[in-house]
Structure formats: structure tokens, C-alpha cells
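K.L.:
Here's a structure for you.
The values are calculated or read from the model by the stated rules, or taken from the named source; none is laboratory data. Everything quoted here is computed from the prediction, not taken from an experiment. FYI the Cβ positions are ideal-geometry reconstructions off the backbone, even for glycines, and counts take in every protein chain you see. These accessible areas exclude ligands, DNA and RNA; they are computed on the full protein's heavy atoms, side chains included. Shrake-Rupley method; radii C 1.70, N 1.55, O 1.52, S 1.80 Å.
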Amino acid sequence: MSRATKRKHVVQELLQERVEPRAAQRVVRVLGTPGNNLHEVETAEGTRFLVSMPPRFRRHIWIKRGDFLLVDPIEEGSKVKAEISLVLLPPHVRSLRLQGLW
């Protein structure tokens, strides 16, 4: 599978996925990308920490400052405290607002 085809499939999978955050998941906003597939994020309460990007998103989905993510907490992490489970695209944000979960 070529890189372009793989990217198309990953993006289609993201668009078709329904967003229903579990109790442990949090919505965060990206502040920056220090490198090595790590992203600095901030919660709604103002807490800042690092999150890691899983291999299925690497090289296929670009994350930039200001994007919103759905993350799963990592208990054993001291600096990296969560892992990205979903990149929230505008249709996802819209559906979360309609459900009253935003």
C-alpha cells in the first residue's frame, strides 16, 4: 500500500469514527510539538503535560498547534502522561457540541 493510500484510509477511518469519550479520556488542546512524536497539551483546567502519538497516526495525520485531541491517561508516565486515542476533526467537535459533551 502506498503512503498516499494509507493516509487516505487513516483519514477515512477518523472521519467515520463516532466520538463518545469514556470516563478516563480527556479532551485537550495542543500547545506545541517538542519532537519525537510528543505533543505538549493543555486541559480545560489549565494543566500542561506531554502526550505520545501512537504508530497508527505517525506519518499519516498532522497535528498542529490549536488542534483538539482525545487522550487516554498513562499511569506509569512521569513526563508523558497520556497517549492520543483520537484526533478531533471539525465534524467530531460539532457532534460533541450537539451531544452536550463539549
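K.L.:
Taking 7 Å along the Cα-to-C-beta vector as the label spot, tell me the Arg18-Leu31 distance in nanometres, rounded to one decimal.
P.N.:
Rounded to a tenth, the inter-label distance reads 3.5 nm.
K.L.:
Given points 7 Å out from each Cα along the Cα-Cβ axis, report the Lys64 to Ser2 separation in nanometres with one decimal.
P.N.:
2.4
K.L.:
What FRET efficiency comes out for the pair Leu101/Ile74, r = Cβ-Cβ distance, R0 = 35 Å, nearest 0.05? Show your work: numbers first, answer last.
P.N.:
Working: r = 23 Å, r/R0 = 0.64.
Approximately 0.95, to the nearest 0.05.
K.L.:
Express the relative contact order of the chain as a whole percentage, based on alpha carbon pairs under 8 Å and six or more residues apart in sequence. Working shown, then result.
P.N.:
Numbers: 157 pairs, mean separation 27.6, N = 102.
Taking the mean separation of contacting Cα pairs over the length of the chain, I get 27 percent.
K.L.:
Provide the convex hull volume over Cα atoms per residue for the chain, in Å³.
P.N.:
Roughly 108 Å³ of hull volume per residue.
K.L.:
Also, I was wondering about something else. Carbon and sulfur atoms: what percent of the 1.4 Å accessible area of the chain do they account for? Before the final figure, lay out each step's value.
P.N.:
Working: 3380 of 6830 Å².
Summing carbon and sulfur atoms, their accessible area is 49 percent of the total for the chain.
K.L.:
So, one more: Size of the dipole of the chain about the Cα centre, Lys and Arg at +1 and Asp and Glu at -1 on the beta carbon, nothing else charged, in debye to 20? Provide the component values of the computation, followed by the final result.
P.N.:
Values: 18 positive and 11 negative charges, 109 e Å.
With only Lys, Arg, Asp and Glu charged at Cβ, the dipole is about 520 debye.
K.L.:
Calculate, for the range 3-99, the solvent-accessible area per residue in square angstrom, rolling a 1.4 angstrom probe over the heavy atoms of the protein chains. Could you put the intermediate results ahead of the total?
P.N.:
On the way: 6330 Å² over 97 residues.
So the range 3-99 comes to 65 Å² accessible per residue, rounded to a whole number.
K.L.:
Count of lysine pairs in the chain with Cα atoms under 28 Å apart, counting only pairs 8 or more residues apart in sequence or on different chains?
P.N.:
On the way: Lys6/Lys64; Lys8/Lys64; Lys64/Lys79; Lys64/Lys81.
Summing the qualifying lysine pairs gives 4.
K.L.:
Cut-off 10 angstrom, C-alpha nodes, Gaussian network model of the chain. Which of Val30, Val11, Val87 fluctuates the most?
P.N.:
Looking only at Val30, Val11, Val87, the largest GNM fluctuation is found for Val11.
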